[in-house]
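The values are calculated or read from the model by the stated rules, or taken from the named source; none is laboratory data. None of the values given here were measured: they were computed from a predicted structure. Using ideal geometry, Cβ is built from the backbone for each residue, glycine included, and neighbour counts are taken over all protein chains shown. The area values use the complete protein model at the heavy-atom level, side chains included, leaving out ligands, DNA and RNA. Shrake-Rupley method; radii C 1.70, N 1.55, O 1.52, S 1.80 Å.
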Amino acid sequence: KGKSNYELEGIKGYYKRFMDKKKKAGEWSPRYFVKSKIVAPLIKKHFPNIKIIVSLRNPIERYHAEKVYFKNFQNLNRPKEELIDGSLYSDKLLDFYREFPKENIKVVLLDDIHKNPLKVIQEIYEFLKVNKNFIPDEVNKRSNPESVPKYPLLEYYRQGVSKIVEFLKRRELIFIVNLLRPTRLNKLSWYIWEKNRKKIEKSSEPLTNQEKKELLKIFKPDIKKLE
């Protein structure tokens, strides 16, 4: 859907709004993994010695979480094929192993994070060669639980801001987006996202046992390949 920021601005645009050369820094995005065939070579081109952390969860759980997110916050029924593809990990991980040495990639399992988050974060710090004795305040807090909008109209506004940005990008009017950045609209969007979420204990659309069996049959060959 239109060109990416990289295609419109190049690596200079990335540096301009993200990089601080005075300290070690990083970022995360599930899109980098989903779009591995395109993204892995690009990262290698610009950051050949970078450290990469890949966080994986049970593919059935990921499938369900993404399905519910798009239903609750985007009012979309995401095509089943797209949901399945996002939970097929082996080939995507191989794309990164083809570009980077094994010692530059750290694979983390969500199950391990749930069992012992402090142990996992200390392993990551060792991998990054930073102070492993630092304990972040969020280490024992649950991140990004399933939720629904408290006020649907406010969520509609937030999505509208995102759609305007995407529209301008598709028209290759990225300079307008850059002019708007000082207004902090993106930060306002994230603030609304955080404050307008109502956590729910039970899934609004749990998978049936039959659905789980069908998904396991689909994912099983990829799980073996991933191992």
Checklist entry - If we count chymotrypsin sites (Phe, Trp or Tyr not before Pro) as exposed when they sit in a DSSP loop and have at most 15 other beta carbons within 10 Å, what is the longest stretch of the chain that avoids them all? => result 29-133
Checklist entry - D for segment 21-96, whole µm²/s, Stokes-Einstein with Kirkwood Rh over alpha-carbon pairs at 25 °C and 0.890 mPa s: what number? => result 175 µm²/s
Item to check | Sequence-distant aspartates and glutamates (8 or more away, or on other chains) whose Cα lies within less than 15 Å of K132 | outcome: E123
Next on the checklist: Counting only pairs 8 or more residues apart or on different chains, how many lysine pairs in segment 86-129 have their Cα atoms under 20 Å apart?
Outcome noted: 7
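Tell me the relative contact order for the chain as a rounded percent, counting alpha carbon contacts under 8 Å between residues six or more apart.
After rounding, I find 27 percent.
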Checklist outcome for this item: Within the set P136, P117, P48, GNM on the chain using Cα springs under 10 Å gives the largest fluctuation to P136
Item to check | Extended-chain gain in nm, criterion 0.36 nm per residue less alpha-carbon gap, K199 and E66 | outcome: 46.3 nm
Next on the checklist: Going Cα to Cα from K163, which lysines come in below 22 Å? Please leave out same-chain ones fewer than 8 positions away.
Outcome noted: K1, K3, K35, K67, K71, K150, K187, K195
Next on the checklist: Let me check I've understood the local charge: for K141, count other residues with C-beta under 14 angstrom from its C-beta, Lys and Arg +1, Asp and Glu -1. What total comes out?
Outcome noted: -1
Next on the checklist: Restricting to DSSP loop positions (anything but H, G, I, E, B) with no more than 10 other Cβ atoms inside 10 Å of their own Cβ, which trypsin sites (Lys or Arg not before Pro) remain in segment 1-71?
Outcome noted: K1, K21, K22, K23, K24
Checklist entry - Each residue of segment 122-130 in turn: what ³J(HN,Hα) in whole Hz from Karplus with 6.51, -1.76, 1.60 and θ = phi - 60°, glycine and Pro shown as x? => result 5, 5, 5, 4, 4, 4, 7, 6, 10
Next on the checklist: So for the chain, considering every pair of alpha-carbon atoms, how many percent are separated by more than 24 Å?
Outcome noted: 57 percent
Next on the checklist: What is the percent carbon and sulfur in the accessible area of segment 5-75, measuring with a 1.4 Å probe over the protein chains and ignoring ligands?
Outcome noted: 55 percent
Checklist outcome for this item: Dimensionless Rg/Rh of segment 91-171, both radii on Cα and Rh by Kirkwood, sits at 1.13
